[in-house]
Amino acid sequence: MITLASASPRRRELLAKIVEGYRVCSPDTSEDFLPELTVAENVLAMARSKAAVVAAHLKGVVLGADTIVCRGEKVYGKPADEEENIAMLQELSGDWHQVLTGVAVFRDGEFVCGDVAVTNVRFRTLSNKEIETYVNLGRGLDKAGGYGIQDEAGAFVDALDGCYHNVMGLPLSLTARLLEQAK
């Protein structure tokens, strides 16, 4: 039995595409960004932390994941409020950014493997009205970078280089490969 260590409904939806019959256990872990680590190291550390908390109490395979959006050295987590969401989308407008998801797999309490997927995303230039309309929907508040590519914000994307599912929060090809390694 595989356990998904995540509260994300998008990760549940995506995992169901590659795994039959899994359970969900949401860990209570810190999502603090550690400045001494790179962005990739941070997302993998957070994915490992989530999976480790759950794996300490359950047998079998535990999958943890964490996603971060960044542009250069600037990291965009989940916006605290609508004002921060507007500011994020204004900064991402008309430029490339990266979405990184760390995926970690534990089996019977022990770390087995992990990796990071990186997808480059380019937003077209957005008007203030478009940004405000999207933010007023409230969909970006629970997402890194303040948007969901699978919802209305998909219309913001001019170009994508990498895994679409990674931008949603769980890179399916990488996840399938890591789960195979954990067998």
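The values are calculated or read from the model by the stated rules, or taken from the named source; none is laboratory data. Computed from a prediction, not measured in an experiment: that's the story for all the values here. Cβ atoms come from the backbone with ideal geometry, glycine included; neighbour counts cover every protein chain shown. Each accessible area value is taken on the protein alone, full model and side chains, heavy atoms only, with ligands, DNA and RNA left out. Shrake-Rupley method; radii C 1.70, N 1.55, O 1.52, S 1.80 Å.
The set of residues from the range 1-47 being in contact with a Gly (Cβ under 6 Å, 6 or more places away or on another chain), open to solvent by 40 Å² or more (accessible area, probe 1.4 Å) and not hydrophobic (A, V, I, L, M, F, W, C) is empty. For residue 70, the conditions (1) under 19 Å from residue 152 (Cα atoms); (2) surrounded by fewer than 23 Cβ atoms within 10 Å (Cβ to Cβ); (3) touching a strand residue (DSSP E or B) at 6+ places or on another chain (Cβ under 9 Å) all hold with the exception of (1). Of all residues in the range 106-133, those that are farther than 13 Å from residue 91 by Cα have Cβ atoms under 7 Å from Cβ atoms of residues that are modelled with pLDDT of 95 or more and of a type in the set (Lys, Arg), 6 or more apart or on another chain, in 111/48; 114/48. Taking helices (runs of 4 or more DSSP H) as the structural unit, those lying wholly within the range 1-102 and holding at least 3 residues that are under 13 Å from the mean Cα position of the chain (by Cα) and touching a residue at least 60 places away in the same chain (Cβ under 8 Å) correspond to 9-15, 39-55. Restricting attention to the range 117-142, the residues being of a type outside the set (A, V, I, L, M), part of a loop (DSSP other than H, G, I, E, B) and farther than 30 Å from residue 103 by Cα number 2. Here residue 102 clears all of (1) touching a His at 6+ places or on another chain (Cβ under 8 Å); (2) open to solvent by less than 10 Å² (accessible area, probe 1.4 Å) except the condition numbered (1). Of all positions in the range 135-156, none carries a residue that is open to solvent by 70 Å² or more (accessible area, probe 1.4 Å), more than 26 Å from residue 55 (Cα to Cα), over 12 Å from the mean Cα position of the chain (by Cα) and among the aromatic types (Phe, Trp, Tyr).
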